[in-house]
Amino acid sequence: MAIIDALDVQLAPLTKELCAWARRQAGCKALIDAYYGIGELCAVTVIAELGDCRRFQNSRDAVRYSGLDVTVYQSDRHRAPGHLSRQGPPALRWALYEAAQVARRPGSPDRGYYEQAAERLGGNRACLALARKLLKRCYHTLRELGDDALTPPVERPQPGPGSAAARRASSGSPRSLEPTTTNQRADVLAA
C-alpha cells in the first residue's frame, strides 16, 4: 500500500501537467469540446495512441487498429461468438472504454444509443459498442483538423523566480504588469 501511495504522489504532478497540455492542444480541445465522456486524460491518450488519422482510409480501419473490432471464427456451419481482437494499443482501448462509461450516463446525448444496444447485447457489450462509436467520431474530428490535430501547443513563457511578475503572482497582488514611471511612483508616495 505504501508503494501505491508513493506512486500516486509521483503521478499527481504528471497528471496535472497532461491535463494542462490537453487544454492548450488543438486536437485535444476539439475532442473534449465535441464529445460527452472524453476528458483531458482520455483526449491525450487518444491523440497519443491514434496518431495521425490520415493514415487510415476510414473509421473502420481506426477501430481495427485499436483492437475494439469483433472477430468471428467460422468453420463450415459453426460460428463462434465474437470477441474483441485486442490487437491494438491497450491504453487506447482503456481510454475509449472509460469515455464510454461516462457517455452512457443519464443526461448524455448517447444514452439512447446505449439503452438500445444494452437491450440487444447486454451492458458490457453495449459499452464497447459506444466506445467504438466514440472512436469513429474522434477519427473524423481529428481527420478534419489535419495537421492542427497533432500540433503541439504554444508554450507560454513562465516568469523566472526573481521577476516582478512572479513576485506579484505569489503575493496575490492584483497590480498591472505595466512598468510604472518615476512620476507615478512619486504621486503614489506623496498620497
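The values are calculated or read from the model by the stated rules, or taken from the named source; none is laboratory data. What you see is a predicted model; the values in this text were computed from it and never measured. We place every Cβ from the backbone using ideal geometry, glycine too, and count neighbours over all the protein chains shown. We work out accessible area using only protein heavy atoms, side chains counted, and drop any ligands, DNA or RNA first. Shrake-Rupley method; radii C 1.70, N 1.55, O 1.52, S 1.80 Å.
Among Gly112, Gly82, Gly107, which is in contact with a strand residue (DSSP E or B) (Cβ under 6 Å, 6 or more places away or on another chain) and farther than 28 Å from Leu14 by Cα?
Criteria check complete, one pass: Gly82.
Output the number of residues of region 109-136 satisfying the condition of being open to solvent by 10 Å² or more (accessible area, probe 1.4 Å) and out of contact with any Leu (no Cβ under 9 Å at 6 or more places or on another chain).
Qualifying residue count, region 109-136: 14.
For region 134-153, indicate whether the set of residues that are free of Cβ contacts under 8 Å to residues at least 40 places away in the same chain and closer than 19 Å to Arg55 by Cα is non-empty.
Yes, region 134-153 contains a residue that is free of Cβ contacts under 8 Å to residues at least 40 places away in the same chain and closer than 19 Å to Arg55 by Cα.
Looking at region 126-171, which of the residues that are modelled with pLDDT under 90 and among the basic types (Lys, Arg) is nearest to Gly37 (Cα to Cα)?
Arg156
State the number of residues belonging to region 1-33 that are part of a helix (DSSP H, G or I), aliphatic (A, V, I, L, M) and open to solvent by 60 Å² or more (accessible area, probe 1.4 Å).
Qualifying residue count, region 1-33: 8.
Name the single residue, out of those in region 34-62 being in a loop (DSSP other than H, G, I, E, B) and within 17 Å of Thr151 (Cα to Cα), that is most open to solvent (accessible area, probe 1.4 Å).
Asp52
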